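In what follows, a single structure is set out as structure tokens and then discussed.
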Amino acid sequence: MGLLQDVQGVVIGTAERATQGDTEAVGWVVVAFLSLSIVVVLALNQVPSGKGAKVLPPLYAEGLPLIGNALAFAKAPLEMVTRGHNSLGDCFTISMANKRFTFLLSPSAHEVSLLSKDTDVGVGDIYRFTVPVFGPGVIYDTDLDERYFQFKMLGSGLRISKLKGYVPHMVNESESFFAKWGNEGEVDLYKELARLILMTASRCLLGPEVREDMFEEAAELIYILDQGMQVLSLFAPNLPTSAHRKRDQARKDMQKLFQKVIDKRRETGTVGDDLLQVFMQAKRADGSSCDDFTIVGLLIAAIFAGQHTSSITATWIGLHLTRDKDLLSRVLEGQQHALQGQDGQLNYDALMQMNLLHRVMKEVLRMHPPLIFLM
């Protein structure tokens, strides 16, 4: 008991000096508090979630307690996860701030997620950071029935019959875009292709009104929304940072921009061949339609779903083809052969016959996946 009494005396004395303004004592109190917090957090991380729960995946940690994982992950996420894989195997958990990320790194480990019900392994919580961008009640901020309905709408706007109608718009946008390049020079391939893809997406998904009359404004707002989805947003999506404030204002401005298009179509009876029209005409099982806020949120979600992945993949395809002249020659030959079978018209059927180009695309996706993690 003597040692315990001595420790108790030191603690009480230090606390008293801290209340009197002793800076050294204050420092020791802070250190003690942080140390206690670390112990509590580490202990809680080891507690199974629920009565009778099975043993949770092992925890992987690096560097300083509390902040070490976040720093290592922010610096080099793939390298950190690889070290965790080498140390703990195919399934482990990394705690960062107020989140726990469990990594499944093999086909057998994936079964835990892929064979589970949506009610058991829902993605709503992890994608909570998208709510300020898409809007409340859109995609991940809905119950499962509404989410299935919204996904069905997105899918119906991208079915083959729709894609066939989109190809002429894509061809027109591409020909107009590349006509401005000239025969020689240097470009930032990623930036150029990202802009082209946004142009084609604007025409095929958002409609001709946005592409022809509002593209620059829409592109700027999409950029601001994109910048508002940062690593910090994953942990604190509503923290009042500058990027988040700009994001919230951009979402309001996007609503105003698309509202003009929606209202005009209703007033004039215009029926488009784009994704916007699909959302405007869709009906739930009870006969109800989407409200305008949800329609705009779904359009934003559609743009974000493909913008980065398409731009990254297209860039890698371009880089590999320009580096491998023999492969480029064979791809061009395959394209010419496909076009001959369609009377020289670049349409959906011609694209489906470009087998070598498709294999190049698949190999690029294998070598350079645009998404390093799926949540």
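The figures follow:
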read-out: Residue match in region 317-325 (condition: within 21 Å of the chain's Cα centre (by Cα) and either among the hydroxyl-bearing types (Ser, Thr, Tyr) or surrounded by fewer than 15 Cβ atoms within 10 Å (Cβ to Cβ) (or both)); value: no
read-out: Which listed residue, of 328, 298, 321, is over 21 Å from residue 193 (Cβ atoms), part of a helix (DSSP H, G or I) and touching a helix residue (DSSP H, G or I) at 6+ places or on another chain (Cβ under 6 Å); value: 298
read-out: Any pair with Cβ under 8 angstrom, 6 or more apart, that starts in region 329-352 at a residue that is within 18 Å of residue 169 (Cβ to Cβ) and ends at one that is assigned to a helix (DSSP H, G or I) and among the basic types (Lys, Arg); value: 347/164; 348/164
read-out: Whichever residue in region 53-89 is under 26 Å from residue 233 (Cα atoms), among the β-branched types (Val, Ile, Thr) and loosely packed, with under 15 Cβ neighbours inside 10 Å and, among such residues, is farthest from the chain's Cα centre (by Cα); value: 67
read-out: Given (1) part of a helix (DSSP H, G or I); (2) among the charged types (D, E, K, R); (3) touching a residue at least 12 places away in the same chain (Cβ under 8 Å), index of the condition residue 118 fails; value: (1)
read-out: Search result, residues across region 163-195 that are without any contact (Cβ under 8 Å) to a residue 40 or more places away in the chain, not small (Gly, Ala, Ser) and not in a loop (DSSP other than H, G, I, E, B); value: 166, 169, 170, 172, 173, 175, 177, 178, 191, 192, 195
read-out: Qualifying residue in region 263-275 (condition: in the same structural domain as residue 136 (by TED's automatic domain parsing) and among the hydrophobic types (A, V, I, L, M, F, W, C)); value: yes
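The values are calculated or read from the model by the stated rules, or taken from the named source; none is laboratory data. What you see is a predicted model; the values in this text were computed from it and never measured. Don't worry about glycine lacking a Cβ; one is built from the backbone with ideal geometry, like all the others, and counts go over all protein chains shown.
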